Amino acid sequence: MAAAGASASANAAEPVTQTIELPTLTADLSAQVAQSAAATQQAAANYELRAERDAAAAKAAAEAKKDLAEAKKKAEAKKKAAEAARKAAAERATRSAERATLSASASTSVSAPASGSVATVIAFLKAQVGDAYVMGATGPNAWDCSSLVQAAYKQVGVDLPRVSQDQSMAGTDVPLSDIQVGDILYWGGKGSAYHVGVYIGNGQYLDAANPSKGVVIQDLSGYPASGAVRVL
């Protein structure tokens, strides 16, 4: 009986030894799962942080590119404005110099017109009758009022300013009652004239009138001039 009891006790003790190991295995597995989950979570956090950094870098690059484009645009606009101002100043200086030169020439050397010079001017002007009027054009087949006058007098070596305002200041003032063939007629104030032509005799003048008429001969009585100057 004692042997049987001891055997029974030994047999009964075996299951107890086996059940003691199961919680240990379960705990190890749980720890591994928890560790894996933590690693996964950390990796996800790292990826998210990297994505945020990449997005921030891309945004910063885009803003930098935009700022650079705006800076280049402003610099170009500033450069164009400076160039326009420089050209305007140069044109004003040129016009002032031309006016001074012509005024000095008129006060010292203008005399009675030479018939040959006047004839050359008038012949050139009449050869352009029928040409088109185009604002800013300087020939040979299209003119505005002042470019035609300038080109005509250039045929005889007289350099006139380009625009009508300055041409009205050239040479010597002549009363409209005493105008001669070859005198420059102007409309508007002296120094602020808006149109010019050349007197060709018999109460007529020749001018590049306007886009609808072109270069024509007209009666002075139909469009009386404001004043006249003599450069020959």
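The values are calculated or read from the model by the stated rules, or taken from the named source; none is laboratory data. None of the values given here were measured: they were computed from a predicted structure. Don't worry about glycine lacking a Cβ; one is built from the backbone with ideal geometry, like all the others, and counts go over all protein chains shown. For accessibility, only protein heavy atoms count, side chains too; no ligands or nucleic acids. Shrake-Rupley method; radii C 1.70, N 1.55, O 1.52, S 1.80 Å.
Ligands, DNA and RNA left out, the 1.4 Å accessible surface of region 115-230 is 52% carbon and sulfur atoms. Based on the Cβ-Cβ distance from R86 to K66, what FRET efficiency comes out when R0 is 41 Å, to the nearest 0.05? E(calc), rounded to 0.05, equals 0.85.
Quote the Stokes-Einstein diffusion coefficient, in whole µm² s⁻¹, for region 111-185, based on the Kirkwood radius over alpha carbon pairs, a temperature of 10 °C and a viscosity of 1.306 mPa s. The diffusion coefficient I find is 122 µm²/s. Applying 0.36 nm per residue to the separation of S221 and T138 and subtracting their alpha-carbon distance, the gain on full extension is 27.1 nm. Partner lysines whose Cα lies under 27 Å from the Cα of K80, excluding those fewer than 8 positions away in the same chain, are identified as K65, K66, K72. With a simple spin-label model that places each label point 7 Å from the Cα along the Cα-to-Cβ direction, the separation between N46 and A77 comes to 4.9 nm.
Each of A37 and A58 was given a label point 7 Å from its Cα along the Cα-to-Cβ line. The distance between the two points is 3.3 nm. If a/c stays under 1.5 just call it rounded; otherwise compare a/b with b/c (prolate if a/b is bigger, oblate if not). Do that for region 35-82, with a ≥ b ≥ c from the square roots of the Cα gyration tensor eigenvalues. Note, shape of region 35-82 comes out prolate.
Cross-link reach is defined here as a Cα-Cα straight distance under 18 Å, omitting same-chain residues fewer than 8 places apart; for K126 the lysines meeting it are K154, K213.
Placing a pseudo-label 7 Å from each Cα along the Cα-to-Cβ vector at A123 and S192 gives an inter-label distance of 4.0 nm.
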